[in-house]
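Have a look at the structure below before the remarks.
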Amino acid sequence: MAKLFSYKEIAEHNTQEDLWMIIDGKVYDCTKFIDEHPGGEEVLLDLGGQDATGPFADIGHSDDAVKMLADLYVGDVDQDSEPIAKVDKEPVSSTTGGEGNGLMILALLAVMAAVVYFYMNSRKE
Ligand code: HEM
């Protein structure tokens with residue numbers, strides 16, 4: 001039976017010296033392949049420890065590329081394990097962004113109100 005790895009465990013393999021990724025529920029150790037990848041090492045490093053199913057498919061990799069995966073296979077994803085929240089910081093920054101936008105709209109409204117006020121006043125004179 002294939003060895004099962006939790007999302008958390010897989011996520012820890014995200015460096016140039018130790019790089020795993022998930023494609024179609026399977027776990028691949030791409031460490032030795034980083035230097036050989038025709039698409040460059042950057043894209044692989046960016047997806048280290050994560051699910052690369054979408055990006056891998058989007059490129060339209062050849063059958064040869066798909067066959068290469070067999071050599072890198074180390075096991076399967078434990079689907080019962082807790083998926084890693086993509087980027088923890090994201091909701092925080094988007095909330096801050098939201099607040100920033102709200103303040104910006106308020107400031108704009110205040111400026112517009114002031115402009116209208118002065119315009120009306122200047123017409124009265
Ligand atoms: C371990 C997994 C991967 C293997 C074995 C692999 C293999 C290959 C191979 C053999 C090629 C040459 C073209 C082809 O035969 O399709 C290629 C190109 C490429 N790969 Fe990957 N790849 C992997 C993962 C990824 C991932 C996750 C990305 C993320 C975006 C990626 C992006 C690219 C790009 C941009 C090219 C260049 C395409 C071009 O210039 O036409 N690859 N890859």
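No value in this document is a laboratory result; all are computed from the given coordinates. Computed from a predicted model, the values in this text were never measured in an experiment. Neighbour counts run over all protein chains shown; Cβ positions are idealised from the backbone, glycine included.
Given the conditions (1) under 15 Å from the mean Cα position of the chain (by Cα); (2) within 10 Å of the ligand (Cβ to nearest atom); (3) in contact (Cβ under 8 Å) with a residue 12 or more places away in the chain, report the number of the one that residue 46 does not fulfil.
Evaluating residue 46 over (1) under 15 Å from the mean Cα position of the chain (by Cα); (2) within 10 Å of the ligand (Cβ to nearest atom); (3) in contact (Cβ under 8 Å) with a residue 12 or more places away in the chain leaves (3) as the failure.
Suppose the filter is charged (D, E, K, R), free of Cβ contacts under 8 Å to residues at least 40 places away in the same chain, near the ligand (Cβ under 9 Å from one of its atoms) and surrounded by fewer than 16 Cβ atoms within 10 Å (Cβ to Cβ); does residue 18 pass it? Walk me through it before giving the result.
Values: charged (D, E, K, R): yes; free of Cβ contacts under 8 Å to residues at least 40 places away in the same chain: yes; near the ligand (Cβ under 9 Å from one of its atoms): no; surrounded by fewer than 16 Cβ atoms within 10 Å (Cβ to Cβ): yes.
In short, no.
Only one residue in 27, 43 is surrounded by fewer than 16 Cβ atoms within 10 Å (Cβ to Cβ) and hydrophobic (A, V, I, L, M, F, W, C). Which one? Steps first, please.
Details: 27 fails: surrounded by fewer than 16 Cβ atoms within 10 Å (Cβ to Cβ).
43 is the lone residue from the list that is surrounded by fewer than 16 Cβ atoms within 10 Å (Cβ to Cβ) and hydrophobic (A, V, I, L, M, F, W, C).
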